[in-house]
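The values are calculated or read from the model by the stated rules, or taken from the named source; none is laboratory data. The shown structure was predicted, so the numbers you read here are calculated from the model rather than taken from an experiment. As a convention, Cβ positions derive from the backbone with ideal geometry for all residues, glycine included, and neighbour counts pool all protein chains shown.
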Amino acid sequence: MTNPFRRRSVTDLSPRAKFAAFLVLLFWALVVLFPIYWLFVTSFKTPYEVDKGPFYIPFVDFQPTLDAWKYILLDLGNDTIRPYVNTVIVGLSSSILALLLGSLAAYALVRFTYRPRVGIVGLFIASVAFAFVATILGAPALIGFGSGIAVFLILAQTIGRRFVRAFGNSDIAFWLISQRILPPIAVAIPIYVLFQQVHLLDNIAALIVTYVATNLPIVVWLMRDYFASLPRELEESAAVDGASVFRIVRSIVLPISIPGLVASFLIVLIFAWNEFLIALVLTSANAQTMPLQVAAQNATRGPQWWAMSVLILIMIAPVVAMAIALERYITRGILVGALKG
């Protein structure tokens, strides 16, 4: 007798069941892709056709035109190109830096044991708060943070040794991911004051630093699970042969972790690519990104859907193309870290 509780794969289904599953998946694909199709056809419509629609099929319901594309790419010109270039630079730079730092931190949390003392961590937080307060009150940023570091070192060497209770690796990982729980609006003003004091407002460097700090916990959390699923035997064999930790990471761990790295990179890239609030707070003209350009287009000229559809298509095209090209790595990277035991 066959086990009625045995899991059935797609290949075990009857032809009718396969056909029904195909229809359901086809319908869902149409639902998911329809907004993209709507953006595409809207970008080739005139204002009249947008307002008097809906028109769905080019050359049947309406006559396509390139007026919206000419308006965005030629008439606006630099107002579109500069935010687009800023978005590419900030998105790629911050994602690469977050991936580099986050993957190394994740590997360290998986393969090494850390026991930072609770008191030392508290002293460090208090010293950082002291540096921020000194900077806000008018002290030069270099002097403020230098004083904070000096206070921390003095207190750590004197009263810091009396603390016994310590954190573990899981506590550190949870603290990192908890930084994403904090609403961005809660830290927008302190970030603004910080970069105002160091004269980096409306600067691409400020966005890169902020995006790296905000996306770093995501990389650590994703890559931590991925590294935990990798066999230790390969690293132990290399260590027996005399390879250093950095050689093991560079030659063994990173090459077999490409799926996880690619998946994490695309996730943080999407976050940086679409980020709006921090860019709104830290930029005004020179360092504006595409989300701000889309919002400005809507605010200054009203909801011109034919023009906004062009901006949105230009904005999402690189990420979609990259996701399609790296799809096989994304699937493996997302699933491998979830399979344990």
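The table for this structure:
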quantity: Residues of segment 61-77 satisfying the condition of being modelled with pLDDT of 85 or more, over 19 Å from Ala317 (Cα atoms) and not acidic (Asp, Glu); calculated: Gln63, Pro64, Thr65
quantity: Total residues in segment 31-57, condition exposed (fewer than 12 other Cβ atoms within 10 Å of the Cβ) and in a helix (DSSP H, G or I); calculated: 9
quantity: Among (1) within 24 Å of Val320 (Cα to Cα); (2) in a loop (DSSP other than H, G, I, E, B) - the single one Val60 does not satisfy; calculated: (1)
quantity: Cross-chain or 6+ apart pairs with Cβ under 8 Å, segment 80-92 first and among the charged types (D, E, K, R), then buried (at least 16 other Cβ atoms within 10 Å of the Cβ) and outside any helix (DSSP H, G or I); calculated: Arg82/Gln288
quantity: Flag if Leu234 is outside any helix (DSSP H, G or I) and more than 17 Å from the chain's Cα centre (by Cα); calculated: no
quantity: Residues of segment 205-231 satisfying the condition of being over 30 Å from Ala279 (Cα atoms) and in contact (Cβ under 8 Å) with a residue 24 or more places away in the chain; calculated: Asp225, Tyr226, Phe227, Ala228, Ser229, Leu230
quantity: Among the candidates Ile120, Ile125, Ile136, residue that is within 30 Å of Ala228 (Cβ to Cβ), in contact with a helix residue (DSSP H, G or I) (Cβ under 7 Å, 6 or more places away or on another chain) and either free of Cβ contacts under 8 Å to residues at least 24 places away in the same chain or not hydroxyl-bearing (Ser, Thr, Tyr) (or both); calculated: Ile120
quantity: Any hit, segment 280-297, residues being under 30 Å from Thr113 (Cβ atoms) and either aliphatic (A, V, I, L, M) or surrounded by fewer than 17 Cβ atoms within 10 Å (Cβ to Cβ) (or both); calculated: no
quantity: Residue count for segment 202-212, restricted to those that are buried (at least 17 other Cβ atoms within 10 Å of the Cβ) and under 24 Å from Ala131 (Cβ atoms); calculated: 7
quantity: The lone exception for Gly119 - which of (1) buried (at least 16 other Cβ atoms within 10 Å of the Cβ); (2) assigned to a loop (DSSP other than H, G, I, E, B) it fails; calculated: (2)
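Conditions (1) more than 30 Å from Val249 (Cβ to Cβ); (2) outside any helix (DSSP H, G or I); (3) β-branched (Val, Ile, Thr), marked per residue:
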{"residue": "Pro83", "(1), (2), (3)": "yes, no, no"}
{"residue": "Leu92", "(1), (2), (3)": "no, no, no"}
{"residue": "Leu101", "(1), (2), (3)": "no, no, no"}
{"residue": "Val110", "(1), (2), (3)": "no, no, yes"}
{"residue": "Ala150", "(1), (2), (3)": "yes, no, no"}
{"residue": "Leu155", "(1), (2), (3)": "yes, no, no"}
